[in-house]
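Asker: Got a structure here, written out as structure tokens. Questions coming.
The values are calculated or read from the model by the stated rules, or taken from the named source; none is laboratory data. Keep in mind the model is a prediction, meaning the values are calculated, not measured. Quick reminder, even Gly has a Cβ in these numbers, built from the backbone with ideal geometry, and neighbours come from all protein chains shown. Only protein heavy atoms, including side chains, enter the accessible area calculation; ligands, DNA and RNA are left aside. Shrake-Rupley method; radii C 1.70, N 1.55, O 1.52, S 1.80 Å.
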Amino acid sequence: MAYTGVASMTSRITAAAGVPHVPTFPQLVAAGDGDIAERYAAVRRVLHDSQPSLMAVVANDHLNTYFLDRLPTFAIALGDALRGPIDQVPGIEAVSVRTDPVAAAAIAEHLVATGFDLTLSLDVELDHSVVVPLHFLGLPDVPVVVLHVNGYVRPLPAAGRCHRLGVAFAEAVTCLPGDRRVAVVASGSFSQEVGGPRVDPGRHWSVPRPDWAARVSALLAAGDVETIVHEATPKLIADAGSVAGELLSWLVLAGAAASLAPSVDYRPGEAFAFASWSGE
């Protein structure tokens, strides 16, 4: 499946987006939550306006696609089609996600050559970390490449390594044949406890470090990813919540979209942000 033809240097990342993947959001929007719908729609407009021919989704898995017996740090899906969600997501029926296995294989080849040892998966099913963003942001007729980053089970990859993976991903895109316009999407929260000891009474989740979520959002808006990488130590991520490692997917995105300008929608107290990068 590896691409061995002459590389074209015209393919590029034209837009990017970072969003939450809260599994209740599709149902809330279907029930009439216009605020959540508009925040996703604002990001989707940026992706749509960039006219992508390929979308890459960077996300963590919640021990649904992979489990503790075989848990990759980084994995890329090479199958012809991906199906999900395999976990329960109210308001979303299981769908088949169209892929571009040739592009995925070419990206994987470049990343491995650059020093990132990926797990290459042919038969992959997706959980809400990928399907919820695609539910709101997916574009008709645009195939998808899925890159999984372990942000859930320690030891997690280092923040700096995830950022460098994003830089290498952008380089890999330039090696795709033809004039490919690629949109990159990452999903997840910066500070969130799900099913852990710090969950708020009467709820299923909490935001242990709203100050960290606010700081990450402000630094993203300022384009200061270097400071996030420096401060996002394993200790801080652990203190920020059981799924706070989802930040690592955003750092891959930030590395891939380094040439684009960010716009960040964050509200105090939230665990996440809605963000877009544009301006190729």
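Asker: Would you mind finding the one in His148, His128, His163, His110 that is over 26 Å from Ala213 (Cα atoms) and open to solvent by less than 60 Å² (accessible area, probe 1.4 Å)?
Answerer: Values: His148 fails: over 26 Å from Ala213 (Cα atoms); His128 fails: over 26 Å from Ala213 (Cα atoms); His163 fails: over 26 Å from Ala213 (Cα atoms).
Exactly one of His148, His128, His163, His110 is over 26 Å from Ala213 (Cα atoms) and open to solvent by less than 60 Å² (accessible area, probe 1.4 Å), namely His110.
Asker: Continuing with the same structure: Checking Ala170 against (1) in a loop (DSSP other than H, G, I, E, B); (2) of a type in the set (Gly, Ala, Ser); (3) out of contact with any Asp or Glu (no Cβ under 8 Å at 6 or more places or on another chain); (4) in contact (Cβ under 8 Å) with a residue 60 or more places away in the chain, only one condition comes out false. Which one?
Answerer: That leaves (1) as the condition not met.
Asker: To continue, here is another question. Give the residue, chosen from Val153, Val142, that is within 26 Å of Ala271 (Cβ to Cβ) and of a type in the set (A, V, I, L, M). Show your work before the answer.
Answerer: Numbers: Val142 fails: within 26 Å of Ala271 (Cβ to Cβ).
Only one candidate passes the filter, namely Val153.
Asker: Still on this structure: Is it true that Leu118 is surrounded by fewer than 20 Cβ atoms within 10 Å (Cβ to Cβ) and of a type outside the set (S, T, N, Q)? Can you show your working first?
Answerer: On the way: surrounded by fewer than 20 Cβ atoms within 10 Å (Cβ to Cβ): yes; of a type outside the set (S, T, N, Q): yes.
Here the answer is yes, as Leu118 does meet what is asked.
Asker: Among (1) in a helix (DSSP H, G or I); (2) surrounded by fewer than 21 Cβ atoms within 10 Å (Cβ to Cβ); (3) not hydroxyl-bearing (Ser, Thr, Tyr), where does Leu47 come up short?
Answerer: So the condition that Leu47 fails would be (2).
Asker: List the helices (runs of 4 or more DSSP H) inside the range 195-277, counting only whole elements, that have at least 1 residues being open to solvent by 30 Å² or more (accessible area, probe 1.4 Å). Let's see the steps before the verdict.
Answerer: On the way: elements: 210-222, 225-231, 234-239, 247-256.
The qualifying helices (runs of 4 or more DSSP H) are 210-222, 225-231, 234-239.
Asker: Additional query: Please enumerate the residues belonging to the range 90-103 that are touching a residue at least 24 places away in the same chain (Cβ under 8 Å), out of contact with any Phe, Trp or Tyr (no Cβ under 7 Å at 6 or more places or on another chain) and surrounded by fewer than 24 Cβ atoms within 10 Å (Cβ to Cβ). Spell out the reasoning first.
Answerer: The initial filter retains those residues of the range 90-103 that are touching a residue at least 24 places away in the same chain (Cβ under 8 Å), namely 90-92, 95, 97-103.
Going one step further and asking which of them are out of contact with any Phe, Trp or Tyr (no Cβ under 7 Å at 6 or more places or on another chain), we end up with 90-92, 95, 97-101, 103.
Selection gives Pro90, Gly91, Ile92, Val95, Val97, Arg98, Thr99, Asp100, Pro101.
Asker: I would also like to ask the following. Pull up the range 71-94, narrow it to residues that are outside any loop (DSSP other than H, G, I, E, B) and at pLDDT 90 or above, then point me to the one that is farthest from Ser121 (Cα to Cα). Write out each step before concluding.
Answerer: Residues of the range 71-94 that are outside any loop (DSSP other than H, G, I, E, B), as a first pass: 74-77, 81-84.
This time we only want the ones that are at pLDDT 90 or above, so: 74-77, 82-84.
On the way: Phe74: 11, Ala75: 7, Ile76: 6, Ala77: 5, Leu82: 11, Arg83: 13, Gly84: 15 Å.
Across the range 71-94, the extreme among qualifying residues is Gly84.
Asker: OK, next. For Ser53, which of the numbered conditions (1) touching a Pro at 6+ places or on another chain (Cβ under 6 Å); (2) at pLDDT 95 or above fails to hold?
Answerer: It is condition (1) that Ser53 fails.
Asker: What number goes with the only condition from (1) open to solvent by less than 20 Å² (accessible area, probe 1.4 Å); (2) farther than 28 Å from Ser263 by Cβ that Ala59 does not pass?
Answerer: Among (1) open to solvent by less than 20 Å² (accessible area, probe 1.4 Å); (2) farther than 28 Å from Ser263 by Cβ, Ala59 violates only (2).
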